[in-house]
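Have a look at the structure below, then the notes.
The values are calculated or read from the model by the stated rules, or taken from the named source; none is laboratory data. Since we're looking at a predicted model, the values are computed, not measured. Neighbour counts run over all protein chains shown; Cβ positions are idealised from the backbone, glycine included.
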Amino acid sequence: MHDSQFLPHAPQSDRAPAVREESVMGPERLHTATGDEAALPGPAESTMRAIVQDAYGSADVLRLARITRPEIAGSEVLLRVHAAGLDRGRWHMMTGRPYLLRLVCGIRGPRNPVQGLDVAGTVVAVGSAVTRFSPGDEVFGFGRGAFAEYATAREDKLARKPANATFEQAAVVPVSALTALQALTNAGRIKAGQKVLVTGASGGVGSYAVQLARAFGAEVTGVCSTAKLDLVRSLGAAHVIDYTQDDFADGGHRYDLIIDIAGNPALSRLRRALTPTGTAVITGGEDGGNWTGMDRQFRALVLSPFLRQRLTMCTARQRSRDLERLAELIEAGTVTPSVGATYPLDQVPEAMRYLEAGKARGKVAITI
């Protein structure tokens, strides 16, 4: 499911406004308050624009509405959202497929009506237990309800925004780049000098996997469509394969590590493209079954113990230390977020249709 393992958390019961310090920015004034009785936004400032979803379905279920601003728990911050990232996981949340996610997120419709996980913005309020951030800090990471003017985020799921990145660039980093990083390092155990193949190299996760693998000293081959060959080359791939013309599993080349993000190749094809002791990490595939979405991944885990080759999957974890590592790589110029398209908040349905059609080159950002 690409980066769709990042799904919204179930609502928490401790979301009382435990505010230590708050800075609420309205159109014409800046109000600051401190202490447990910090002044909350007034009636004119207590609402916000957001994309809401009441049921599962196509992009038609997404609509712009004015709703109440979220409150923060003690370990959370309130963000003024400047940009949000659109990833394949949001499509899964919109459609409610695979069906297993409905057990967590809501049977008939999402419990949290505001989507959006990737976020970049400015801290405007912090909970009483927050120590790493203060109002005015520019951050990026994993938020709750990022398709809105304001969103909440846990302190341990944020990092400071790279100084050389725009909010749009920072917003398209968390889900995809962290998935690529953990697929290469934690699951793939990448080593310098290895030959690495990345399927879906022009997409969200793939565009980061190519750059990161090269940064780790690997010789990278990217698989993509004809129209996106130039993009994948520009990301640092030493070789590119046009899947409309050539088959990466034709036996002509073998790879030490495959990061499988797109195309749903059969496990037998992945094995043909691997060296005798190579590793394949499955992070994507949209035909993984309507119930779990991970049928191929589960088959790989069952088969792997009986092989010299290693077949595994990547279920990425939202960790601030990985966000900080990515921020360092971005500031060093080693990794550059690839923003293929931007849409304003009121055009999120159009952005979702663009993503669903497979037209995206790199990542899609939502500007607020």
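Given Lys195, Lys157, Lys161, which one is crowded, with 23+ Cβ neighbours inside 10 Å and charged (D, E, K, R)? Just one listed residue meets the conditions, Lys161. When the stretch 345-368 is filtered for residues that are loosely packed, with under 15 Cβ neighbours inside 10 Å and free of Cβ contacts under 8 Å to residues at least 24 places away in the same chain, the ones remaining, listed by number, are Ala357, Gly358, Lys359. Scanning the stretch 96-116 for residues that are among the charged types (D, E, K, R), over 21 Å from Val348 (Cα atoms) and modelled with pLDDT under 70 returns a single hit, Arg102. Tallying residues that are within 22 Å of Met48 (Cα to Cα) and either surrounded by fewer than 24 Cβ atoms within 10 Å (Cβ to Cβ) or under 19 Å from the mean Cα position of the chain (by Cα) (or both) within the stretch 76-90 yields 9.
Per-residue answers, yes or no, for (1) touching a Lys or Arg at 6+ places or on another chain (Cβ under 6 Å); (2) surrounded by fewer than 17 Cβ atoms within 10 Å (Cβ to Cβ); (3) modelled with pLDDT of 95 or more:
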position: Asp250; (1), (2), (3): no, yes, no
position: Gly288; (1), (2), (3): yes, no, no
position: Gly293; (1), (2), (3): no, no, no
position: Ala300; (1), (2), (3): no, no, no
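Anything in the stretch 107-144 that is of a type in the set (A, V, I, L, M, F, W, C), touching a Phe, Trp or Tyr at 6+ places or on another chain (Cβ under 7 Å) and over 21 Å from Val172 (Cα atoms)? List them, or say none. Val126, the sole residue that qualifies.
Return the residue satisfying two criteria in turn: it lies in the stretch 227-248 and is surrounded by 17 or more Cβ atoms within 10 Å (Cβ to Cβ) and β-branched (Val, Ile, Thr), and of such residues it is nearest to Ser338 (Cα to Cα). The extreme case among them is Val232.
Scanning the stretch 210-226 for residues that are in contact with a Leu (Cβ under 6 Å, 6 or more places away or on another chain) and either at pLDDT below 95 or assigned to a strand (DSSP E or B) (or both) turns up just one, Thr221.
Please tell me if Val210 is within 16 Å of Gly188 (Cβ to Cβ), surrounded by 16 or more Cβ atoms within 10 Å (Cβ to Cβ) and more than 21 Å from the chain's Cα centre (by Cα). Criteria not met by Val210.
Can you pull out every residue in the stretch 320-343 that is farther than 17 Å from Leu235 by Cα and not assigned by TED's automatic domain parsing to the domain that holds Thr166? Of everything in the stretch 320-343, those that are farther than 17 Å from Leu235 by Cα and not assigned by TED's automatic domain parsing to the domain that holds Thr166 turn out to be Ser320, Arg321, Asp322, Leu323, Glu324, Arg325, Ala327, Glu328.
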